[in-house]
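Before any comments, here is the structure.
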Amino acid sequence: MPDATGLELIAQELRRAHEAAGRGSGDAGGVLDTAYFRDKAALLVTPASVQATLEHLRGMGYRFMASVHGVDYFPEEPRLGVHYELLDMSTVDRITVKVRVPVADPHVPSVTNEWPTADHQEREIYDMFGVIFDGHPDLRRILMPEDYEGHPQRRDFPVGGEPVFFTHNEPRLPRYTQ
Amino acid sequence: MSTPEVRRPSAPQVPYREMEESVELSHIAHEGDGEQELLTLNLGPHHPATHGVLRLLTTLEGEVVRDVKPIIGYLHTGIEKTAEDKAYWKVIPVIERMDYLSYYFNAMAFCGAVETLLDLEVPPRAQYLRVIHLELNRIASHLIWLATGALDLGAISIFWYGWRDRDRILDLFEMSSGQRMHTRYIQVGGVMEDIPLGFEQRVRDFCSEFPSRLDQFEALIDKNQIVLQRLRGVGAVDEQTLLDLGVTGPLLRATGNPWDLRKAAPYSSYDHFDFKIPVGTVGDNYDRYRVRMAEMRESLKIVEQALDGLPEGPYITPDRKYALPPRHELATSMEALIHHFKLVTEGFRVPPGEAYYPIESARGELACFIRADGSSKPARVHMRDPSFVNLQAFSAMVQDSYLADLIATLAMLDPILGGIDR
Amino acid sequence: MKRQKLGNGPDGDFRARGLAARAMLRGELDGPELEKHVEESLLITTLDRAANWARSNAMFPATFGLACCAIEMMAIVGARVDVARFGSEAFRASPRQADLMIISGRVSIKMAPIVRRIYDQMLEPKWTIAMGACSSSMGVFNNYAIVPADKFMPVDVHVPGCPPRPEALMHGILKLRKKIQDDPDMGWRTRYGGGGTEEVVEPAAADPTAGHSIGVSGGGRMGTSA
């Protein structure tokens, strides 16, 4: 893993590259925050700079995208997060890139064209959390039925399930066959 | 024929047929300029050759597969959502049932992530015990792959042989934990229980006998003309495409890339053991088969070394805040009683943080991402399942091959729908 | 759902039958007792009993493995717990050729209509074993994504376990076998009160002016099935 100082250096480099590419320094150069927790480096970036950040990291050696997964940070805003886990196979380094978007505007640019592994994984995040990936070739529900309403893994979606039949509530609950 | 109407529940008015037509045909270039018709064949979720409920929308031109779109979700169980509702200790049985052939690996990934968050140290005896069970599980998983793969190819007798040996491994699991499958043996901080007397001897018996069984399998399959013709040169994808698609595990190693987390980023004392990583050369189905057979032998070596070097000590972390105290202490010590009560009713609390813990499972990189928010229940558990990512490489593997090769490639891909659909 | 007693004899009591057998050997049974005993113990030639015996001894399971229970279901095909002893080793892939459906594994909401469709494609007589906790009740996962099998299809035997040992599944199959052998009126329609749902082809085409369309299939096939 890049250690804490290495992480800060990476963040600095990203900010510089972001400004150099003319995307302006209005949003802190794309990198909002760095976090170093339990020997693991993480960068929090703005949604708009996701693709550029990942490409820059690919240039630095993180050529393997291990995972793309979503998180619901309810009740903290912005609620929906997307995490990209990158891996550098030659030096066995991992780094996480995090993005957070609010539920009201859950758009994140898709990285499927540059990182083909993100295809099904972004579809799963769309299915489970409702994050819309702009530019994804085929954004449909992947795990739930196609006509399902709602995004199940959001924290305010109920877990659901059947009531468990115990002796004390069996007479009051309708049996399946009735 | 007129059938009298029976009471039907009102079906939702959704255009299923249109929604199912998700095969993009425009990118398929036709040589011969539209001479052949493209047939869309639905290898439906219920099919004897798909490993679990996988639905494949194949576009066939004659017998040649031009495109395949896997449709998954038929086993989606909401495991990750259920895990958010339960205390950390209670998540372990739920998360184990995800990839249902490598249950120890699921539990290991989850417990490793929790231990990372807690900064908890696992005693060396527990690490060795974990390794023994993980490698035995790897062998069991590969045996089922071999059994069902050979069944798909038509070599049905291997099915019985594979299951016979797997039953022996499950006897070992039953001896150490009481359950054949989904044993919840791996707990946060170590393992659930120490191994009983006689376990070591039984494992050594198994290890001494199993190589000859593998020899028997190889004698039957390796140079079999039918197997060679069906697997050699079929389904090869180059290494860079697989890396782009995020494929890990035996599929990647078959192309020659020796990426294995047990060697690259050793966890749970894997660096104490001397074992090799089998790699292939071409990356076709035959290499995948050979890589897994060789992996079984290497796993045996690891098990034997772990048994030889099994250190003495506690089998679970002595920190009573996270591990149940032994029962005999409950009669004498008040703190033990309180710890026991807190752990069983509420569970331990994990300080806020996020952890991503990758391990090398039988199918590739299995990782667990946990976000803890300080309470006794995880706020988000995500399992990065290798089969889910490996399935994306499937269409690249079967491009322009026959339908029979599609079945063989699916067998060698070793997808487990429980992990894919979670 | 009324439970039906197994066996026509004295509540299927094994011990009582043993005593009656001993009495017969000694020549002490006579009259109606003797007739009753002979009826129970010998394979008499009513076609029903013979047919049930044949059906129960050669059930063809459909390959319907869904999840972890499927692995234990495949283990009963293995040599240790051999289902071929009981005539059921021929797992048919096509539902048209199968008569036993072992729902092994969790049924997700996406899969439930497909399970139902395959069950409908099976020909009568057909039986179902809900194997494991997930298919009978919700099992370990009590959440939005799965359905217990009882909600959309009739189930004959529930085998508990997560996953049930192969021996447990064998016990369930043997229980089902005994059920088929002993109880001639085995149709699920009687047990679930589904009489009247058979599809009967009316020889006279439906009269468009007649009012009947819903529910009544008539034709004298009410109640029984199989």
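The values are calculated or read from the model by the stated rules, or taken from the named source; none is laboratory data. Fair warning: this is a prediction, and the values are worked out from it, not measured in the lab. Every residue, glycine among them, receives a Cβ derived from its backbone with ideal geometry; neighbour counts consider all protein chains shown. SASA here: full protein model, heavy atoms, side chains in, ligands and nucleic acids out. Shrake-Rupley method; radii C 1.70, N 1.55, O 1.52, S 1.80 Å.
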Check your understanding: Using the beta-carbon distance between residue B:263 and residue B:219 and R0 = 35 Å, what value does 1/(1 + (r/R0)^6) give for FRET efficiency, to the nearest 0.05?
Key -> 0.75
**Study point:** Inter-chain Cβ neighbour average for residues B:249-261, partner chain, 10 Å
**Key:** 1
Check your understanding: Which value, in Å² rounded to 10, gives the accessible area of residue B:60 with a 1.4 Å probe and all protein chains present?
Key -> 10 Å²
**Study point:** Per DSSP, loop trypsin sites (Lys or Arg not before Pro) in the range B:184-261 with at most 10 further Cβ within 10 Å
**Key:** B:223
Exercise for review: Go through C:53, B:160, C:127 and list them by solvent-accessible area, largest first, probe radius 1.4 Å.
Suggested key: C:53, B:160, C:127
Review point. Averaged per residue, what accessible area in Å² does chain B show with a 1.4 Å probe, protein chains only?
Key: 37 Å²
Practice item. Could you let me know the centre-to-centre spacing of the range B:373-421 and the range A:51-100, using Cα atoms, in angstrom? Key: 20 Å
Practice item. Ignore the peptide's own chain and count Cβ atoms of other chains within 10 Å of each Cβ in B:242-248; give me the average, rounded. Key: 6
Check your understanding: Largest first, how would B:47, B:76 line up by accessible area (1.4 Å probe)?
Key -> B:47, B:76
Check your understanding: Comparing the chain by itself with all protein chains present, which residues of the range B:51-86 are at least 30 Å² less accessible (probe 1.4 Å)?
Key -> B:53, B:72, B:73, B:74, B:75, B:76, B:77, B:81, B:82, B:84
Revision key, fill the gap. Neighbours of residue C:108 by Cβ distance under 11 Å: Lys/Arg at +1, Asp/Glu at -1, summed charge +2
Check your understanding: What quantity of accessible surface, computed with a 1.4 Å probe and excluding non-protein components, is buried in total between chains A and B, in Å² to the nearest 100?
Key -> 3700 Å²
**Study point:** Residues of the range A:1-130: accessible area per residue with a 1.4 Å probe, Å²
**Key:** 37 Å²
Practice item. Report, to the nearest whole %, how much of the accessible area of chain A belongs to carbon and sulfur atoms, 1.4 Å probe, protein only. Key: 52 percent
Practice item. At most 15 other Cβ atoms within 10 Å and a DSSP loop assignment: could you name the GluC sites (Glu not before Pro) in the range A:69-120 that fit? Key: A:76, A:114
Check your understanding: Using +1 on the beta carbon of Lys and Arg, -1 on that of Asp and Glu, and nothing else charged, what's the dipole of chain B about the Cα centre, debye to 20?
Key -> 1280 debye
Exercise for review: Treating the angle as unsigned and between 0 and 90°, give the value, to the nearest 10°, between the Cα long axis of helix B:403-413 and the longest Cα principal axis of chain B.
Suggested key: 10 degrees
Revision key, fill the gap. Buried accessible surface, C vs B, both sides, probe 1.4 Å, in Å² to 100, equals 3700 Å²
Study note, to complete from the structure: Here, residue A:156 and residue B:308, labelled 7 Å along Cα→Cβ, have an inter-label distance in nm of 6.0 nm
Point to revise | Surface share of carbon and sulfur [accessible, 1.4 angstrom probe, percent] for the range B:338-422 | key: 60 percent
Study note, to complete from the structure: For residue B:373, the accessible surface traced by a 1.4 Å probe with all protein chains present amounts, in square angstrom to the nearest 10, to 60 Å²
**Study point:** Average beta-carbon neighbours from other chains, 10 Å sphere, peptide A:62-73
**Key:** 5
Practice item. Could you order A:95, B:277 by accessible surface area, starting with the largest, using a probe radius of 1.4 Å? Key: B:277, A:95
Review point. So, with a 1.4 angstrom probe, what is the percent of accessible area on the range B:130-220 that is carbon and sulfur?
Key: 52 percent
Practice item. Report, in degrees rounded to the nearest 10, the 0 to 90 angle that the Cα long axis of helix A:118-129 makes with the longest principal axis of chain A. Key: 50 degrees
Revision key, fill the gap. Per the 1/(1 + (r/R0)^6) rule, R0 = 45 Å and r from the Cβ atoms of residue B:338 and residue A:165, FRET efficiency to 0.05 is 0.85
Study note, to complete from the structure: Distance in nm between residue A:114 and residue C:58 label points, each 7 Å along Cα→Cβ, equals 6.5 nm
Exercise for review: Could you state the accessible area per residue of the range C:39-179 in Å², with a 1.4 Å probe and every protein chain left in place?
Suggested key: 36 Å²
Review point. Under a point spin-label approximation (7 Å from Cα along Cα-to-Cβ), what is the residue C:48-residue B:156 distance to one decimal in nm?
Key: 3.6 nm
